[in-house]
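Here's the structure we're looking at; comments come further down.
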Amino acid sequence: MDFHTQYKEIKRLKPAGIRGIARAAVLDALAMADRAKGIGKDLGKPRVQFIYIHHVFKDEEKPLAALLKTLGETHRFIPYSEGVERVLGGNIDRAYACISSDDGLKNNVRAAEILTEHGASGCFFINPAIINAGTREEVERFCRDRIHFPLVEFMDWRDVDRLMKLGHEIGSHTMGHSDVATMGQAEFEEDCGQCIEVITRRCGGVRHFAFPYGRFVNFNDTARQTVFKAGFISCASAERGCHIPHGRPLRNDELCLRRDHVGLDWKLGHILHFLAKNARNAGISGNLFPYAQCG
Ligand SMILES: [Zn+2]
C-alpha cells in the first residue's frame, strides 16, 4: 500500500489555513517573551508533565530527538506507570516527564527506538481493532472515520512486541478509536472488557487507558468510572496541564490525567511555552475530573 512516510506530505493534504498561521504568529510572540524573561524556573518546577504524540514520520525523527534532548535538561523521564504512582502518592520532588503516543501508527516503532536512545520509556495507547488490519478498505475507513488522517500504516502485533522488548508500556485507546461520548454505557463497558482481554492475551496485561479525542466533552464521569471498574489503574484525557502533589494520597479512580499534545513539526519554543504555562498554572484541581459531580 502507498502509505505516507513524510509528515510534510500529510501537511500538504491538511494545510494550516489562516487560523493556523495566526496561531503560529501569536505563539512566536509568546515564545519570544519567554526567552526574554527566561522559563527555566517554570520548567524545573516539581510536577509530573505527561506529553503525547501520535506519529514520528521520517522527517519528524530529528525533531523528536531534539525535543527529548531539550526536555531532558529540566525533566527526568520516567515510565508512565511511575508517573501515575508519583501523582497518586504525591511523591513529586522534581520535574518529571512521561511520554505517551496514541493510535498505534507503524512509525511508533521508530518513536520507541528514539525514546529508548534518550533514556525515556513511553506508553503506547493502541486500538486492537486496527492492529494487523486486514484490507486496505479497513485501514482507509479507520483513517478517515476514526483518526481523521490521510492513509497511514498501523503496527502489527510483532511491532507491539518490539515496543515491549524495548521496555515500553502498552495502553488501551478503545478497540476501534470510538468517541466514548457517543457510545452507550453497556457498549463502552463491553469495549473496555474486550480491550483488556485482547491486549492481555497479546501483551500479558494492560494497566492504562486513554480516551480517544480525549477532551472533557468526549467522556463523562460515568465513563471515567467504567474505566476503573473494568480493571484499568489510570485514565487519561487529552486536556493540557500537569500534576502536582494533592496534599493527600489519591485513589486511582480519583485521578484524571492531563496530557499535552505535542506536534513534532511545532517549534520547540512553542512547545516549551505550553509546558511552562502549565507549570505556572498548576493546581491540585488539575488532578481531578472537573465534572465529577455532574458527569
Ligand atoms: Zn487517538
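Which of the residues belonging to segment 86-110 are over 23 Å from Val139 (Cβ atoms) and crowded, with 16+ Cβ neighbours inside 10 Å?
Within segment 86-110, Arg86, Val87, Leu88, Gly90, Ile92, Ala95, Tyr96, Ala97, Cys98, Ile99 qualify.
Across segment 236-289, which residue is surrounded by the most Cβ atoms within 10 Å (Cβ to Cβ) among those that are among the β-branched types (Val, Ile, Thr) and in a helix (DSSP H, G or I)?
Ile271
Of these, Lys69, Lys8, which one is farther than 29 Å from Arg136 by Cβ, of a type in the set (Lys, Arg) and part of a helix (DSSP H, G or I)?
Lys69
Quick one: which residue in Ala25, Ala66 is loosely packed, with under 14 Cβ neighbours inside 10 Å and touching a residue at least 12 places away in the same chain (Cβ under 8 Å)?
When all the criteria are applied, what remains is Ala66.
Might you check whether a residue that is of a type in the set (D, E, K, R) and within 19 Å of Gly286 (Cβ to Cβ) occurs anywhere in segment 206-219?
Checked segment 206-219: at least one residue is of a type in the set (D, E, K, R) and within 19 Å of Gly286 (Cβ to Cβ).
What are the residue pairs meeting all of these: first residue in segment 127-139, first residue closer than 19 Å to Pro212 by Cα, second residue within 16 Å of the ligand (Cβ to nearest atom) and basic (Lys, Arg), Cβ atoms under 6 Å, and 6 or more apart or on different chains?
Every condition considered, no pair remains.
Within segment 199-211, can one find any residue that is part of a loop (DSSP other than H, G, I, E, B), under 19 Å from the mean Cα position of the chain (by Cα) and either within 16 Å of the ligand (Cβ to nearest atom) or of a type in the set (A, V, I, L, M, F, W, C) (or both)?
Checking segment 199-211: at least one residue is part of a loop (DSSP other than H, G, I, E, B), under 19 Å from the mean Cα position of the chain (by Cα) and either within 16 Å of the ligand (Cβ to nearest atom) or of a type in the set (A, V, I, L, M, F, W, C) (or both).
Could you list, in sequence order, the residues of segment 79-119 that are within 12 Å of Ile51 (Cα to Cα) and touching a helix residue (DSSP H, G or I) at 6+ places or on another chain (Cβ under 7 Å)?
Within segment 79-119, Tyr96, Ala97, Cys98, Ile99, Ser100, Ser101 meet the criteria.
Considering segment 176-198 alone, what residues qualify as being in contact (Cβ under 8 Å) with a residue 40 or more places away in the chain, within 16 Å of Ile131 (Cα to Cα) and buried (at least 20 other Cβ atoms within 10 Å of the Cβ)?
His177, Cys195 - these are the residues of segment 176-198 that are in contact (Cβ under 8 Å) with a residue 40 or more places away in the chain, within 16 Å of Ile131 (Cα to Cα) and buried (at least 20 other Cβ atoms within 10 Å of the Cβ).
Read-outs: derived from the displayed coordinates by stated rules, not from any lab. Remember, it's a predicted structure, so these values are computed and weren't measured experimentally. Ideal geometry is used to build each Cβ from the backbone, glycine not excepted, and the neighbour counts take in all protein chains shown.
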